[in-house]
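Here the structure comes first, spelled out in structure tokens, and everything after it is commentary.
Only the coordinates and a few stated rules stand behind these numbers; no lab work does. All of these numbers come straight from a predicted model, not from anything done at the bench. Cβ coordinates were reconstructed from backbone atoms using ideal geometry, including for glycine residues, and neighbour counts include every protein chain displayed.
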Amino acid sequence: MDGQDQIAVFNRIMADVRATLAEKYVSTVSPDGSVTVTVNGNGDISNLELARGVVRRVGAGELGETIRDTVNAARAEAGRRGRRLVYRAIDADPEFTLFCVAEEALA
């Protein structure tokens, strides 16, 4: 199998991984419990919840920072899970050998 074939195999693996990630979700709650964010495996926000009364209790700037930090934490966790999924998918595919792709890239 030449480098082009390996690239095609890699692209197939990644298409499968992206489809799987779109169906996986990660929820993260802020340390103070005021914000809950859910993202899919690709990091797209699917839900953002604010605790009852938080808008009245917390200033806009602080709430904005909490939302940003919670979104970033959810995306980071989705990224960690996504990397594990990629590694497993590549490792499980007998048609893919990383060395052939690397040789093609260096040529």
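Extension gain, ASP5 to GLU77, is 22.7 nm, computed as 0.36 nm per intervening residue step minus the present C-alpha separation. The local environment of ARG75, defined by Cβ-Cβ distances under 14 Å, has a net charge of +2 under the rule Lys, Arg +1 and Asp, Glu -1. With helices as the sole contributors, the chain gives -20500 deg cm²/dmol at 222 nm; each DSSP H run of n ≥ 4 counts as -39500 (n - 2.57), and the sum is divided by every residue. Sorting the segments 36-43, 85-92 by their residues' average number of neighbouring beta-carbon atoms within 10 angstrom, most packed first, yields 36-43, 85-92.
Please work out which option in [x] 40; [y] 77; [z] 53 gives percent of Cα pairs over 20 Å apart calculated from these coordinates, and answer with its label. Of the listed options [x] 40; [y] 77; [z] 53, [z] comes from this structure. Protection proxy ranking of 72-81, 23-32, by the mean of other Cβ atoms within 10 Å over each peptide's residues and highest first, is 72-81, 23-32.
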